[in-house]
Number of protein chains: 2
Amino acid sequence: MLRRRLLNAILMLVGLAGVPALAGQDKATPQPTPTTGELLARSRPAEWRRPDPRNLLVMQLATGRVLIELAPDFTPLHAANIRMLAHQHYFDGLAIVRVQDNFVTQWGDPNEDEGGDRAKRRSLGNAKPTLPPEYTRSLDPSLPWVPLADGDLYAPEVGFSEGFPAARNPHSGREWLTHCYGMVGVARDIAPDSGNGSSLYVVIGQAPRRLDRNLAIAGRVIEGMPLLSGLPRGSGSMGFYAHPAQRTVIRSIRLAADLPADRRPAVEVLRPDSPTFAALIEAQRHRHDAFYTVSAGKVGLCSIDVPARKIPPVQSVAR
Amino acid sequence: MLRRRLLNAILMLVGLAGVPALAGQDKATPQPTPTTGELLARSRPAEWRRPDPRNLLVMQLATGRVLIELAPDFTPLHAANIRMLAHQHYFDGLAIVRVQDNFVTQWGDPNEDEGGDRAKRRSLGNAKPTLPPEYTRSLDPSLPWVPLADGDLYAPEVGFSEGFPAARNPHSGREWLTHCYGMVGVARDIAPDSGNGSSLYVVIGQAPRRLDRNLAIAGRVIEGMPLLSGLPRGSGSMGFYAHPAQRTVIRSIRLAADLPADRRPAVEVLRPDSPTFAALIEAQRHRHDAFYTVSAGKVGLCSIDVPARKIPPVQSVAR
């Protein structure tokens, strides 16, 4: 009975641990579905890729580091503008201004918000104040694409393009990134070209897929989501913080390429076209072990996390 | 430009505000889709129901109040056991022991966890230590049921039974509550009967539908989700807090029926069979306003929140 909650904890997580010892005791049951942890431990180094430092944003908060991978295949003009903003240290000293429960965490210049002092608004410098929308792009068969066969309520086809969940419509000839957990979007005004990347949000709740094709998605958080999702919700309208003291200050946001090589984050992302990623998805669809009596049969696009990890030091030497 | 972020904020939320003034300026556009706030403001008192105080749990944290509505139509034995635990003040002084990002917040007796002192484990008193699973129930056509026509990846039919998102399988003759945001489940061990309601979890991320039919769902948080979702994530295995000081203490959990009438929460929940609820869903499916250029066309079960609110004082007098 002492192990009760621990076992429960171990079992309730799809992904970090399993019960091989227990399952092994019951000779009648088939081999239990491997956990994410087990599958990742067996993965080969070639199944991982290291993000291009020109596409990797390093956000420093007092609580730690957040890494965001940009998606220039889908939003190239936004990627370029955000790189420019980071290069100019635009975000340093700005803040997380909004945390709306089951929706988004948003950061940018507090002087852009209600009650802010417009005169003190930070200059965009060489970055563009407006950008073409880039909500969708023309479907390019040469882009990486790993389809997910399980279907989707919102789009005719879904899958993964490199590290990003995405959707395609062969009839319209368009494709776009989807608002899944951890995806980073570009806040804007009414005008479709009014977003420029100086204010960004990340999805922290149930995937708000209604935003798909209505906003530009700049990338995905690949490390540090708990630092953005585990914040007190704002009590003001839309989850904006009612008092400036409640905001989380952004110490800095840098492009990894702008950092000395030895200070660039050593992270890697699992390739969606890898056997390990396919096995991860299959383990979510058809899970059989001592805890799960019924398997789901299907898995939704936004229930699949593309794993990222710090590069194991020994492994990187071994390569 | 000063209004930029505010407008963005106002518009990005489906539900609390709209842009009637702006939309009104453009005579060419059709009437914009009403927001949740507008729809709720127009709702009639009869479209709301007040939860039975025997099904309403009042959890007091230092940060505020959380209300949970139990679901005895689906999990009657669990509801009875949880009522008994609350009646005995079982939860008072226990804690939130686990917050796992994009998954669950869980509470109960820390002495049940790894490193806990079994000898100090709190007695269940008159509550039962084990319960039949109650993961699904036989489909009862007499239960309230408002179908959602949009489809679902995981179940042949989905919809709402009173305040709860649920699924049905006419072929198997079973129905069950679904693991959407805010749903409260019963933690357990390996054995299907090992849950008893003394340890509960609430979904705080993308709906983990793979848990459906594998765990008993006791009810739904109808007030205070931000107090459970906006907590620092645990750094231990599975999101358990590594240090006892990180836990959030539960001051008390009471059944509303055990409180004096004047201390019972005055809350009400929108009826899913009401015209206002139907309009809310339709507004999510087909949203047209100055901000949204493309509407989603469909809405997923777990993207729909059944609204709950404090009973407006004036309104309750007027009734």
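The values are calculated or read from the model by the stated rules, or taken from the named source; none is laboratory data. Nothing here was measured: the structure is a model prediction, and the numbers come from that model. When we count neighbours, we look across all protein chains shown, and the Cβ atoms used for this are built from the backbone with ideal geometry, even at glycine. For accessibility, only protein heavy atoms count, side chains too; no ligands or nucleic acids. Shrake-Rupley method; radii C 1.70, N 1.55, O 1.52, S 1.80 Å.
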Projected onto their principal axes, the Cα atoms of the stretch B:263-303 stretch, largest extent first, over whole-Å spans of 47, 20, 19
Principal axis lengths of the stretch A:220-319 from Cα atoms, whole Å, largest first?
-> 49, 42, 23
Report the residue, chosen from B:Thr293, B:Thr276, B:Thr35, that carries the largest GNM mean-square fluctuation when chain B is represented by alpha-carbon nodes joined by springs under 10 Å.
-> B:Thr293
Among B:Gly151, B:Ala127, B:Gly115 - extreme Cα towards positive end, dipole of the stretch B:99-161, charges at beta-carbon = B:Ala127
Carbon and sulfur: what percent of the stretch A:178-319's accessible surface (1.4 Å probe)?
-> 55 percent
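Can you compute the FRET efficiency between A:Ser123 and A:Arg263 using 1/(1 + (r/R0)^6), with r the Cβ-Cβ distance and R0 = 25 Å? Round to the nearest 0.05.
Details: r = 27 Å, r/R0 = 1.06.
E(calc), rounded to 0.05, equals 0.40.
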Mind checking the mean number of beta-carbon atoms from other chains within 10 Å of the Cβ atoms in B:210-219?
-> 4
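What's the ranking of A:243-251, A:52-60, A:195-203 by average number of surrounding C-beta atoms within 10 Å, highest first?
Values: A:243-251: 14.6, A:52-60: 19.4, A:195-203: 26.1.
Answer by packing, highest mean first, reads A:195-203, A:52-60, A:243-251.
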Smallest Cβ-to-axis distance in chain B, for the rotation taking B to A: which residue, how many Å?
-> B:Gln206, 3
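Evaluate the relative contact order of the stretch B:162-245 (contact order divided by residue number), counting alpha-carbon pairs under 8 angstrom at least 6 apart; express in whole percent.
The value is 26 percent.
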Top of B:Ser43, B:Ser237, B:Ser252 by mean-square fluctuation, Gaussian network on chain B, Cα under 10 Å | B:Ser237
Run a plain Debye calculation on the stretch A:170-240 (Cα atoms as equal point scatterers, no solvent) and give log10 I(q)/I(0) at q = 0.15, 0.17, 0.18 Å⁻¹, rounded to two decimals, same order as the q list.
-> -0.56, -0.71, -0.79
If the viscosity is 0.692 mPa s and the temperature 37 °C, what Stokes-Einstein diffusion coefficient in µm²/s follows for the stretch A:205-270 when Rh is the Kirkwood radius over Cα pairs?
-> 213 µm²/s
Give the Rg/Rh ratio for chain A, taking Rg as the radius of gyration of the Cα atoms and Rh as the Kirkwood radius, to two decimals.
-> 0.99
How big is the gap, in Å, between the Cα center of the stretch A:140-215 and the Cα center of the stretch B:166-181?
-> 29 Å
With label points built 7 Å along Cα→Cβ from the Cα atoms of A:Ser172 and A:Asn111, find their separation and express it in nm.
-> 3.8 nm
Equivalent-ellipsoid semi-axes of the stretch A:150-305, from the Cα gyration tensor, Å, largest first | 29, 21, 19
If one takes the accessible area of chain B alone plus chain A alone and subtracts that of the pair, with a 1.4 Å probe, what total in Å², rounded to the nearest 100, results?
-> 6900 Å²
Got a sec? Charge dipole of the protein assembly as shown, +1 on Cβ for Lys and Arg, -1 for Asp and Glu; which of A:Ala283, A:Ser229, B:Ser161 is way out at the positive end?
-> A:Ser229
All-pairs alpha carbon distance profile, the protein assembly as shown, 20 Å steps from 0, percent = 19, 54, 26, 1
Would you mind checking the tilt of helix B:76-87 against the longest principal axis of the Cα atoms of chain B, expressed as 0 to 90 degrees and rounded to 10?
-> 70 degrees
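Just need the relative contact order of the stretch A:60-150 here, percent rounded to a whole number, with Cα pairs under 8 Å and 6+ apart.
Working: 66 pairs, mean separation 23.5, N = 91.
Once divided by the residue count of the stretch A:60-150, the mean separation gives 26 percent.
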Which residues of the stretch A:281-300 bury at least 20 Å² of accessible area once all protein chains are present, versus their chain alone (1.4 Å probe)?
-> A:Gln284, A:Ala290, A:Phe291, A:Tyr292, A:Thr293, A:Val294, A:Ala296, A:Lys298, A:Gly300
In vacuum, with every alpha carbon of the stretch A:79-190 counted as one equal point scatterer, what does the Debye formula give for log10 I(q)/I(0) at q = 0.10, 0.18, 0.20 Å⁻¹? Two decimals, please.
-> -0.42, -1.05, -1.16
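Rounded to the nearest whole Å², what accessible area per residue is found for the protein assembly as shown with the 1.4 Å probe? Please report the intermediate quantities before stating the final value.
On the way: 25210 Å² over 638 residues.
Heavy-atom SASA per residue in the protein assembly as shown reads 40 Å².
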What is the mean number of Cβ atoms from other protein chains located within 10 Å of the Cβ atom of each residue in peptide A:196-209, rounded to a whole number?
-> 4
Once the dipole of the stretch A:26-82 is set up with Lys and Arg at +1 and Asp and Glu at -1 on Cβ about the Cα centre, which of A:Pro45, A:Ala79, A:Gly64 lies farthest towards its positive end?
-> A:Pro45
Chain B: calculated mean residue ellipticity at 222 nm from DSSP helix runs of at least 4, using -39500 (n - 2.57) | -4500 deg cm²/dmol
